[in-house]
Amino acid sequence: MWGQRDRTEVTCIACGTSLDRPDAREYDKQGDRWDRREKEFEYLCKPCHRELCHQPRAGLESLLADIEDGSVRASRFVERYYEAVEDGPETEGRGDREQDR
């Protein structure tokens, strides 16, 4: 019915605050909240949602997999990520990994 709000309580995945569902923002870890079939969404409170980076995530998982080979130091992993993001997709996967170990 019009005017009725869903009073289901949800929990913000970032800070743990409990809030009414209409006061929360949906979070979809696949990045496609418009495709709603067979999904269970997680929720963020408005302050935590504002703090999120709202940039596209297309290709992010493959980029992270490409720069991580299991034996690289955490600090070097972060350096590789920044280098890949600054250089763009045309240089992805390039570089001497032997120096990173």
Item checked: Gain on full stretching of the segment that runs from Cys53 to Glu38 - 0.36 nm per residue minus C-alpha separation -> 2.9 nm
Checklist line | Label-point separation, Ser18 to Ser75 (7 Å along Cα→Cβ), nm | finding: 4.4 nm
Notebook entry, point to check: With a Cα-only, solvent-free Debye model of region 15-89, what are the log10 I(q)/I(0) values at q = 0.27 Å⁻¹?
Noted result: -1.20
Notebook entry, point to check: When each pair of different Cα atoms in region 9-51 is counted once in the 1/r mean, what is the Kirkwood radius in angstroms, to one decimal?
Noted result: 10.6 Å
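We did not get these values from a lab; they are worked out from the coordinates using the rules stated. Please read these numbers as outputs of a predicted model, since none were measured by experiment. Positions of Cβ are backbone-derived with ideal geometry, glycine not excepted, and every protein chain shown enters the neighbour counts.
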